[in-house]
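The values are calculated or read from the model by the stated rules, or taken from the named source; none is laboratory data. Everything quoted here is computed from the prediction, not taken from an experiment. Here the Cβ is made from the backbone with ideal geometry for all residues, glycine too, and neighbour counts use every protein chain on show. All accessible areas refer to the heavy atoms of the entire protein, side chains included, with ligands and DNA or RNA removed. Shrake-Rupley method; radii C 1.70, N 1.55, O 1.52, S 1.80 Å.
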Amino acid sequence: MQQKDFKIWSYKPWWCQPWSIVSTGIMAIVFSWLLFNNRWITGALSVIIFLWWYYFLILYPRLVKKSFHDKLT
């Protein structure tokens, strides 16, 4: 298997797919606003969720792909 063919998402369950991670984060932000109606709480939660998205949707797949590629070479 070549590096470009490796897709980490094919090894993850449905609840750990990009669409479920994004939709859960959006729901958390919306419910935070509806529940607290406070921009500071919702903003703080949004920052945490954006960091979570960055890690799981961008950084983690790159690291896994690099690690997989390094093991092949």
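Answer with yes or no whether Gly43 is over 17 Å from the mean Cα position of the chain (by Cα) and at pLDDT 95 or above.
yes
Among the numbered conditions (1) among the hydrophobic types (A, V, I, L, M, F, W, C); (2) at pLDDT below 95; (3) within 9 Å of the chain's Cα centre (by Cα), tell me where Ile8 comes up short.
That leaves (3) as the condition not met.
Taking the condition of being open to solvent by 40 Å² or more (accessible area, probe 1.4 Å) and under 20 Å from Phe6 (Cα atoms), how many residues in region 16-52 meet it?
2
Only residues in region 36-58 that are within 17 Å of Val22 (Cα to Cα) count as the first member; pair them with residues that are open to solvent by 60 Å² or more (accessible area, probe 1.4 Å), Cβ under 7 angstrom, at least 6 apart or cross-chain, and list the lot.
Correct list of pairs: Thr42/Trp33; Thr42/Phe36.
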